[in-house]
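Colleague: Right, I'll just put the structure down here and ask away after.
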Amino acid sequence: MDISAYSKAVSAVTPGTFVPDIGTQAPASIPLPSDQSTAGAGGVSFKDTVKSLLDDVNSKQVTADQKSMAIATGQSHDMEGTVKAVEEASLAMQMTLAVRNKVLAAYTEVERMQF
């Protein structure tokens, strides 16, 4: 087995160009943010984002329910708007359930990890 090509390539590597050098000084520590300032890059926290999305789904459900009741009681004849509102609410709920299922699956996977 001829390793001369490999040894020639390894000897050509100069320090600091192939693998970053690890200095003798420890890296600067950055304090973790407190619970009040856990906002992401956009300044909005994950909790606020989820709450906003759930509020949107809820408002779509309420709108669909109101339009359905208006059609059922004869107060409205906007069948197209009602069908559209019901479908939007249904899709929003399906999306919410899909995200919830993915989050639960990820949580379960993390829970199974052994450290």
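What follows draws every value from the coordinates through simple rules; no lab data is involved. Everything numeric here is computed off the predicted structure, so don't read it as measured data. A quick note on method: Cβ atoms are made from the backbone with ideal geometry, for glycine too, and the neighbour counts reach across all protein chains shown.
Colleague: Multiply the residue separation of ALA106 and VAL44 by 0.36 nm, subtract the distance between their alpha-carbon atoms, and state the gained length in nm to one decimal.
Modeller: Details: separation 62, 0.36 × 62 = 22.32 nm, distance 2.26 nm.
Once the chain is fully extended between ALA106 and VAL44, it gains 20.1 nm.
Colleague: Further question: So for the pair SER90, GLN114, with labels modelled 7 Å out along Cα→Cβ, what separation do we get in nm?
Modeller: Each label point is offset 7 Å from its Cα along the Cβ direction, giving 4.7 nm.
Colleague: Placing unit charges on C-beta atoms (Lys and Arg positive, Asp and Glu negative, everything else neutral), compute the dipole magnitude of the stretch 60-115 about its Cα centre in debye, rounded to 20.
Modeller: Details: 6 positive and 7 negative charges, 34 e Å.
In debye, rounded to 20, the stretch 60-115 gives about 160.
Colleague: Where in the stretch 72-101 is the amide nitrogen less than 20 Å from a point lying 7 Å along the Cα-to-Cβ axis of SER59?
Modeller: Label zone hits: 81-97.
Colleague: What net charge is computed for the residues neighbouring GLU80, neighbours being all others with C-beta under 12 Å from the C-beta of GLU80, Lys and Arg scored +1, Asp and Glu -1? Don't skip to the end; give the middle numbers.
Modeller: On the way: positive: LYS67, LYS84; negative: ASP78, GLU87.
Around GLU80, the charge tally is 0.
Colleague: Now for a separate question. Just the Cα atoms of the stretch 39-115: what Rg and Dmax do they give in Å?
Modeller: In Å, with Rg to one decimal and Dmax whole: 17.8, 62.
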